[in-house]
Amino acid sequence: AHSTKRNSKISLEEQINQLFDKLPTDLDVWINLTNQFYADLFCGVFLTRWNRGLSFSPQTLTRISKRGLLLNLDIYYEGDDEE
């Protein structure tokens, strides 16, 4: 398992791509692993303001899907409830 530290200076998409850049690029390796084991790309998203969104480019979504990974977003609101 690989992980990255929480970083609000770059987008989640950039963090995902940086992580993939450090991992094997051979898609056969990924498919063999994801056919044998449950695998997901788990991302904790921490929002300081409500009603915010995020998006991913087709290129990043392709990188995720070609590896047979489920994109799992766990979204947290850390803002003031009175805002």
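Structure notes:
- Candidate set: region 46-83, residues that are more than 18 Å from Phe20 (Cβ to Cβ) and at pLDDT 85 or above; chosen: the one surrounded by the most Cβ atoms within 10 Å (Cβ to Cβ): Tyr77
- Within region 54-83, tally of residues that are closer than 16 Å to Pro24 by Cα and not β-branched (Val, Ile, Thr): 6
- Within region 52-74, residues that are more than 20 Å from Leu33 (Cα to Cα) and outside any loop (DSSP other than H, G, I, E, B) reach partners that are at pLDDT below 95 and open to solvent by less than 60 Å² (accessible area, probe 1.4 Å) with beta carbons closer than 6 Å, at six or more positions or on different chains, in the pairs Leu73/Cys43; Leu73/Val45; Asp74/Gly44.
- Looking only at residues in region 32-45 that are part of a helix (DSSP H, G or I) and surrounded by 10 or more Cβ atoms within 10 Å (Cβ to Cβ), the one that is farthest from the chain's Cα centre (by Cα) is Asn32.
Residue-wise test of (1) of a type in the set (Asp, Glu); (2) more than 15 Å from the chain's Cα centre (by Cα).
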{"position": "Asn17", "(1), (2)": "no, no"}
{"position": "Asp26", "(1), (2)": "yes, yes"}
{"position": "Arg49", "(1), (2)": "no, yes"}
{"position": "Arg52", "(1), (2)": "no, yes"}
{"position": "Ser55", "(1), (2)": "no, no"}
{"position": "Gln59", "(1), (2)": "no, no"}
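The values are calculated or read from the model by the stated rules, or taken from the named source; none is laboratory data. Not measured: the values here are computed from a predicted model. FYI the Cβ positions are ideal-geometry reconstructions off the backbone, even for glycines, and counts take in every protein chain you see. Each accessible area value is taken on the protein alone, full model and side chains, heavy atoms only, with ligands, DNA and RNA left out. Shrake-Rupley method; radii C 1.70, N 1.55, O 1.52, S 1.80 Å.
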